[in-house]
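Below is one structure, written out as structure tokens; comments come after it.
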Amino acid sequence: MAFNILCNYLTDSSSPTGAKACRVNLSTAHQQQYYRPCCHQSEYSSGSTFSVSDFQKCIQTDSGTSSRCAGGKASKQAGWGFYSTFSRTYDAAVFVSAGFISSSIDNWFNNQVERALDESLEVAQTYYRNSEANALYYADQLSQRIQKNKLLNEDNLPQLRELIINKQEEYNLGIVEVFSATHEELVRVANPKLPIIEITAATSDPVREGLQGIRFSQITPVGQADLIRGIVPILSNWNPKDIVGVVVVNYYVPYSLINKMKEISESVDQYKITRSIKGQIQQSYVIVLLLIALIIIFLATWFGFHLARGITVPIQELATATTRIASGDLDIQLQTRSTDEIGTLVNAFNKMTADLRQSRIEVNSANQELQSSNLELDRRRNYMEIVLANVTAGVISIDRNGHLTTVNKSAENLLMMNADKVIGKDFRTVIPSRYLPTIMNLLKKLFYSERGTVHQQMSVPIGNEKYTFMVNLTTLRDNNNNFMGTVVVFDDLTQLYKAQRMAAWREVARRIAHEIKNPLTPIQLSAQRLRRRYLERFSDDDHVFDDCTKMISDQVDELKNLVNEFSNFARMPATKPSANNLNAVIEEALALYQPAHKNINFIKSLDLKLPDTYFDREQIKRVIINLFENAIAAVGEKGRIDVSSIYNQELKMITLTVADDGCGIPPEDKTRLFEPYFSTKKTGTGLGLAIVSTIITDHNGYIRVRDNSPEGTIFIIELPATPSNS
Amino acid sequence: MKNILIVDDEQSIRQSLDGILSDEGFQTSLASTGEECLEIIQTETPDLILLDIWMPGIDGLETLTRIKRILPAQLVIMMSGHGTIETAVKATHLGAVDFIEKPLSLEKVLLSIQNAMKIGQLVEENKALKRKNRPRLPDDR
């Protein structure tokens, strides 16, 4: 019933904790029921009603306190949790204890105890009554015997003694005494086993009463023992109303049963009194128990909240700190309040925060380093790209599968191709099949080369021209020495190659000049000496000596001229550039040739925007003259010669073209055209175009030859429009 | 009789020059290298030296420099088969009287020698005149 009330209350409060408590209390109710059979229902319930109502109060108070003092959600929960644990435990403990107390007290006041006490008292009383009856009986018997045999007579006194002794032994009596009417003790026989005790005085009240004819029994305490006395008067034979003496039969009860009886009676009385206040005792015990329980609950609750606060406050701080950490504030440092697990947790948290902070700093610096290295990498990559784009050497890279990955601008220009069209393709599909064996040979050489690099000079025909490349193949390997591909670097050696050949030719020309002119000297001198000494000796008719010496001298001159022209090429002076206008030089050259060749149509188209640039006027004039000579020879008697100058402002370049509609130049001759002593003309030294090429190279320019349409040849000269002296 | 020293590494040139100069009445000495030439001028003083530029060992220009160090007034005509204007100018700077180009022609050689002799003579005369007039000139030491 009490549990039901409690449950109802808790259910009404409709808090989850309440529900939980209800369940708990139901379970404790089950426990209680287990104890129920050993106690009285009514008593138990009256005892526990208090506890339940008190409990309700306690819960009410606690819920109020907890909500006020715990403050935070966490602490409230923890407090409730702690409280519910305690309440659960104490609930059970209090009910069990109350039940136990009730049953114990009930046991104390059990009726069996009372009945035992009463019966024992009755036994004692019965025994005493019996003893009194016996004493009276034996005293009657003795009295009648004495009366009948008139043993009170003076003469019969020994017989009386004998009778008394016999009867005492016969009935195992304690003490038997016979008193005369004159308060005289006639006989006294005592059981020898008895201790010597005080005997009845002849003048004592019992004897006096006996002599007055009263038959009675009496219990007299003697020390610890009791004497049960049966006192019977002895009547006279003559006058039954006359009392002649008194017989006293004493039963000796060694331990005072009377005292015991008294104690028992007192106990019974005491018990009864106590029993009347049994309810109060029970109540007071339960109250004390409940008070203790309450104190414990309060203490436990306080302790629980204290403990909870010891846990929740740091945990709350931890939670706040965690939120701050989550929002990025890593400078938080919690105070360590204790050395327990919470303290360890806080220390660990602080250490974690410090580690986080440290690692964040490290991560930040690493990030910065990474960023700067990224920037550096980017810068370097950009730089490399710029270098790659602007380097004059062609650079082509091929990955391990043979796909083209890089083709720089120079490579595009040199090979006259579009990088976008070939990148990502297999190089074997890009290169014309007739060059594949050469490339494969190179790759094979590269494969077997120890240093992973191969150089080779190669002549490559591109378009109408043949270029000389220095090709450098290098195997790309990563840090782990894995094959990454191949990089091909090639330089256009065409101009260098030409220049080298020119230099070689100049050296050859010098040597030839020397070697020819030296032997010419003695020939010449000898011939002239002969003429000088012996010419007069011959008659005018004899022309042989004159003719021959003259012939020798003339041929030496001829040879000398040839060698001199050769030397002119060989010892071409260094360019002496000065500020000049190319158009003016062209006009000058035209002025020389136009009047002399009326049948040839000279057409000039000069760029008037042409700026003054630095070049060697004489040498460039020589170039134009040589080209005119060449064109005139090509067109023959009649024809047309176009001369033009174009200025490209963006490239800062002047282009001079001399085109003819003459016989043209076969393709196989084109590559050798600028070499010395190469001539298609029957006359001429073969040095004209070689000199042109040398001068243009000396001016850092380019000369190329193209077929004119429909026929003829175009010489294209590109000169840098350098306004400076460099 | 004028003494001419011919310096050329080619024997044929030395020989032919020796021939024409002997015909003309010059006394000649021959040297095949620059070193030999320098040795000769230690003992004798030629009136004129015909010096080839391109020679093995020390070349003509270097020999000319050394000659001028020993005999500053020595008349030297340079000969070259591949002479450029630059070398000619350089030789003149170093003190050569003339520069003749190979192959040599008889007239040119003789004309050049005559001119050189004339210059030498003029220099000598000049010097003699200067010596004569010296007392009148202030001491220029």
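Assorted remarks:
- Residues of the range A:146-158 classified as closer than 15 Å to A:Trp238 by Cα and either in a helix (DSSP H, G or I) or acidic (Asp, Glu) (or both), total: 4
- Filter pass, B:Val97 being away from chain A (no Cβ under 14 Å), touching a Leu at 6+ places or on another chain (Cβ under 8 Å) and buried (at least 20 other Cβ atoms within 10 Å of the Cβ): yes
- Any hit, the range A:323-340, residues being basic (Lys, Arg), out of contact with any strand residue (DSSP E or B) (no Cβ under 6 Å at 6 or more places or on another chain) and in contact (Cβ under 8 Å) with a residue 60 or more places away in the chain: no
- Restricted to the range A:469-500, and to residues there that are charged (D, E, K, R) and surrounded by fewer than 16 Cβ atoms within 10 Å (Cβ to Cβ), the residue that is farthest from the chain's Cα centre (by Cα) is A:Arg477.
- Identity of the residue in the range A:446-468, surrounded by fewer than 14 Cβ atoms within 10 Å (Cβ to Cβ) and of a type in the set (Gly, Ala, Ser), that ends up nearest to the chain's Cα centre (by Cα): A:Ser459
- Per the listing A:Val187, A:Val232, A:Val246, the residue uniquely free of Cβ contacts under 8 Å to residues at least 60 places away in the same chain, crowded, with 18+ Cβ neighbours inside 10 Å, of a type in the set (A, V, I, L, M, F, W, C) and outside any helix (DSSP H, G or I) is A:Val187.
For every residue, the table says whether it meets (1) within 25 Å of B:Glu86 (Cα to Cα); (2) without any contact (Cβ under 8 Å) to a residue 40 or more places away in the chain; (3) within 14 Å of chain B (Cβ to nearest Cβ); (4) part of a helix (DSSP H, G or I).
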{"site": "A:Gln500", "(1), (2), (3), (4)": "yes, yes, no, yes"}
{"site": "A:Leu535", "(1), (2), (3), (4)": "no, yes, yes, yes"}
{"site": "A:Ser553", "(1), (2), (3), (4)": "no, yes, yes, yes"}
{"site": "A:Val563", "(1), (2), (3), (4)": "yes, no, yes, yes"}
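- Selected residue (criterion: farthest from the other protein chains (Cβ to nearest Cβ)) from residues of the range B:1-11 that are more than 25 Å from B:Arg69 (Cβ to Cβ) and of a type outside the set (A, V, I, L, M): B:Gln11
- Odd one out for B:Ala73 among (1) in a loop (DSSP other than H, G, I, E, B); (2) modelled with pLDDT of 90 or more; (3) more than 14 Å from every other protein chain (Cβ to nearest Cβ): (2)
- Considering the range B:41-67, and only residues there that are within 13 Å of chain A (Cβ to nearest Cβ) and part of a loop (DSSP other than H, G, I, E, B), the residue that is surrounded by the most Cβ atoms within 10 Å (Cβ to Cβ) turns out to be B:Ile53.
- Counting only strands (runs of 3 or more DSSP E) that sit wholly inside the range A:589-650, those with at least 2 residues that are over 24 Å from A:Gly664 (Cβ atoms) are A:613-615, A:639-648.
- Total residues in the range A:507-518, condition crowded, with 18+ Cβ neighbours inside 10 Å and either more than 7 Å from chain B (Cβ to nearest Cβ) or among the β-branched types (Val, Ile, Thr) (or both): 2
- Check on A:Thr322, under 22 Å from A:Gln358 (Cβ atoms) and modelled with pLDDT of 85 or more: yes
- Sole residue being buried (at least 24 other Cβ atoms within 10 Å of the Cβ) and modelled with pLDDT under 85, chosen from A:Gly223, A:Gly210: A:Gly210
So that you can scan it fast, the table gives a plain yes or no per residue for (1) more than 15 Å from A:Val407 (Cβ to Cβ); (2) at pLDDT 85 or above; (3) outside any helix (DSSP H, G or I):
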position	(1), (2), (3)
A:Arg434	yes, no, no
A:Lys444	yes, yes, no
A:His455	yes, yes, yes
A:Met458	yes, no, yes
A:Val471	no, yes, yes
A:Met484	yes, yes, yes
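- Residue within the range A:407-416 that is without any contact (Cβ under 8 Å) to a residue 60 or more places away in the chain, among the hydrophobic types (A, V, I, L, M, F, W, C) and not in a loop (DSSP other than H, G, I, E, B) present: yes
- The lone exception for A:Ser526 - which of (1) farther than 17 Å from B:Leu17 by Cβ; (2) among the hydroxyl-bearing types (Ser, Thr, Tyr); (3) facing another protein chain (nearest Cβ under 7 Å) it fails: (1)
- Residue that is nearest to B:Leu51 (Cα to Cα), among those in the range B:12-40 that are within 14 Å of chain A (Cβ to nearest Cβ), touching a Lys or Arg at 6+ places or on another chain (Cβ under 7 Å) and aliphatic (A, V, I, L, M): B:Leu30
The values are calculated or read from the model by the stated rules, or taken from the named source; none is laboratory data. This one's a predicted model, so the numbers in the text were calculated from it and none came from an experiment. Cβ: placed from backbone, ideal geometry, glycine included. Neighbour counts: every protein chain shown.
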